[in-house]
Amino acid sequence: VVDRAGLVRTVLRADRAGPHTVEASRAKAYTAASARNTTTAIMENADKNPAARHLAAIEGFLLLGGGVPVKAGDEVIGGLGVGGAPGGNFDEECANAGLAKVQAKLK
């Protein structure tokens, strides 16, 4: 989880998670918070829109599924990134499930 400035606020890692998952999840959270959108949506936009293809070149951005913005009302206050599932779609599903658990506290 990162705050609105992209700074890490908390990290949880499963015992058997690969070492790359910590940085991947941080980058996904940073990307979602910075762009105020899911990393899946950003990735799909970059694939379809030639003008957006270079988003992946922004330092710290990771265009893989698994990053979601954290909102309080309509305001993006941070990002949540998940890594380690066998596909970004599953990472994003986990991120959304975790966010749903605390959403009532973010109003």
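What follows draws every value from the coordinates through simple rules; no lab data is involved. Here the structure is a predicted model, which means the values were calculated and not measured. Glycine also receives a Cβ, built like all others from the backbone with ideal geometry; neighbour counts cover every protein chain displayed.
Structure summary
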{"item": "Cα shape, the chain, gyration tensor, a/c 1.5 rule", "result": "oblate"}
{"item": "Linear extension gain, Asp15 paired with Glu75, 0.36 nm per residue minus alpha-carbon span", "result": "18.2 nm"}
{"item": "Global form of region 55-107, assessed from the alpha-carbon gyration tensor, a/c cut-off 1.5", "result": "oblate"}
{"item": "Cβ-Cβ FRET estimate between Val8 and Lys48, R0 fixed at 25 Å, reported to 0.05", "result": "0.20"}
{"item": "The chain - charge dipole about Cα centre, Lys and Arg +1 at Cβ, Asp and Glu -1, debye rounded to 20", "result": "280 debye"}
